[in-house]
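Just below is one structure, and these are the notes that go with it.
No lab work stands behind these numbers, since they all come straight from the coordinates. From a predicted model like this one, the values you see are computed outputs, not experimental measurements. Heads up, the Cβs are rebuilt from the backbone with ideal geometry, glycines too, and the neighbour counts pull from every protein chain shown.
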């Protein structure tokens, strides 16, 4: 599904997408288009893109083609989703300890809509850290 979505081909395009958008949350998925985990995330993002188009915009960045942000955002996972609002990185507390990004594939579309909507509501109120609608600390059951 990644071929249906907007890819950002350079670091300049990533910066401009974050800078230009004033009213909506910018969701950027960093990863590889050929990775199975990214494919699952892309499928979910494509499925929700129409529902969230009024308050969010979604972009994909292949970190092989655009390695500019790898160290800055610590993009060492296979698939990473980050949120920005009015040129500011919005952190999200998922209960996992890493508040900067989502670094696993979310396959439930309603769950993704809820997360993006929570980020938008919190960011539009001026918050830099929002709490996710669900706690993901017990995501992996050992």
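Annotations for the structure displayed:
- Residues in region 90-100 include none that are surrounded by 16 or more Cβ atoms within 10 Å (Cβ to Cβ) and closer than 23 Å to residue 4 by Cα.
- Residue list for region 1-44, restricted to those being touching a strand residue (DSSP E or B) at 6+ places or on another chain (Cβ under 8 Å), closer than 20 Å to residue 122 by Cα and part of a loop (DSSP other than H, G, I, E, B): 21, 24
- For region 107-120, the set of residues classified as over 11 Å from residue 47 (Cβ atoms) and touching a residue at least 60 places away in the same chain (Cβ under 8 Å) consists of 116, 117, 119, 120, listed by residue number.
- Under the condition of being part of a loop (DSSP other than H, G, I, E, B) and over 23 Å from residue 21 (Cβ atoms), the residues counted in region 104-132 number 4.
- Of all residues in region 70-88, those satisfying the criterion of being touching a strand residue (DSSP E or B) at 6+ places or on another chain (Cβ under 7 Å) and under 25 Å from residue 16 (Cβ atoms) are 73, 75, 79, 80, 81, 82, 83, 84, 85.
- Residue 107 meets the conditions (1) under 17 Å from residue 48 (Cβ atoms); (2) touching a strand residue (DSSP E or B) at 6+ places or on another chain (Cβ under 9 Å) in every case but one. The failed one is (2).
- Test: residue 68 is free of Cβ contacts under 8 Å to residues at least 60 places away in the same chain, part of a helix (DSSP H, G or I) and under 16 Å from residue 15 (Cβ atoms): yes
- Screening region 71-96 for residues that are touching a residue at least 12 places away in the same chain (Cβ under 8 Å), out of contact with any helix residue (DSSP H, G or I) (no Cβ under 9 Å at 6 or more places or on another chain) and part of a loop (DSSP other than H, G, I, E, B) and picking the one that is nearest to residue 120 (Cα to Cα) gives 95.
- Single unsatisfied condition, residue 47 versus (1) over 17 Å from residue 132 (Cα atoms); (2) buried (at least 21 other Cβ atoms within 10 Å of the Cβ): (2)
- Looking only at residues in region 108-122 that are within 12 Å of residue 56 (Cα to Cα) and touching a helix residue (DSSP H, G or I) at 6+ places or on another chain (Cβ under 6 Å), the one that is surrounded by the most Cβ atoms within 10 Å (Cβ to Cβ) is 112.
- Some residue of region 45-59 being part of a helix (DSSP H, G or I), in contact (Cβ under 8 Å) with a residue 60 or more places away in the chain, within 12 Å of residue 25 (Cα to Cα) and touching a strand residue (DSSP E or B) at 6+ places or on another chain (Cβ under 9 Å): no
- Residue identified as more than 15 Å from the chain's Cα centre (by Cα) and at negative phi among 112, 82, 72, 91: 72
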